[in-house]
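Accompanying notes for the structure given below.
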Amino acid sequence: IQKTVGQYYEILTNTTATAGSYYFINTTSAAVTLTLPATATLGDTVRVIDGAGTFGTNNLTIARNGNPIQGSATDMTVNTSGAAFDLVYYNATSGWRLFSV
């Protein structure tokens with residue numbers, strides 16, 4: 001983690017997310033993996049922002065950490081520069097759902 005202000009974080013390297021936090025992710029130098037919390041409950045939210053606008057060059061991987069993402073048992077790759085979205089946890093079947101894309 002590069003910088004922290006309250007629940008806002010700027011990250012440049014692989015990090016495990018905390019529910020209720022906002023992550024400005026900078027992939028200028030290298031691809032980054034953001035690992036979702038292993039223990040999630042209904043309504044837990046993680047906000048992701050391409051802080052440097054470089055996901056198209058150096059992808060962001062969202063590691064599911066045992067819970068599905070959009071009902072899928074695979075990690076999520078974000079390769080669109082400028083992407084910003086929330087992931088909200090629903091249940092063990094659907095897992096983390098995209099919200100506010």
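The values are calculated or read from the model by the stated rules, or taken from the named source; none is laboratory data. Remember, it's a predicted structure, so these values are computed and weren't measured experimentally. With ideal geometry, Cβ positions are generated from the backbone for all residues, glycine too; neighbour counts draw on all protein chains shown. Side chains are part of the model used for accessible areas, which takes the heavy atoms of the whole protein and leaves out ligands, DNA and RNA. Shrake-Rupley method; radii C 1.70, N 1.55, O 1.52, S 1.80 Å.
Listing for the model above:
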item	result
Two-decimal log10 I(q)/I(0) for the chain, as the Debye equation yields it once each C-alpha is a single scatterer, q = 0.16, 0.17, 0.20 Å⁻¹	-0.59, -0.67, -0.94
Mean Cα-pair separation over length for the chain, i.e. relative contact order, pairs under 8 Å, 6 or more apart, %	23 percent
For segment 56-70, 3J(HN,Hα) per residue [Karplus equation, 6.51 cos²θ - 1.76 cosθ + 1.60, θ = phi - 60°, Hz, x = Gly/Pro]	x, 8, 10, 4, 9, 10, 9, 7, 6, 6, x, 9, x, 10, 6
Probe 1.4 Å, protein heavy atoms only - accessible area per residue of the chain in square angstrom	52 Å²
Percent accessible area from carbon and sulfur atoms, the chain, protein chains only, probe 1.4 Å	49 percent
Net lengthening on full extension, S29/A83 (0.36 nm per residue, minus Cα-Cα)	17.7 nm
Ordering of 79-85, 43-49 by burial proxy (mean other Cβ atoms within 10 Å per residue, highest first)	43-49, 79-85
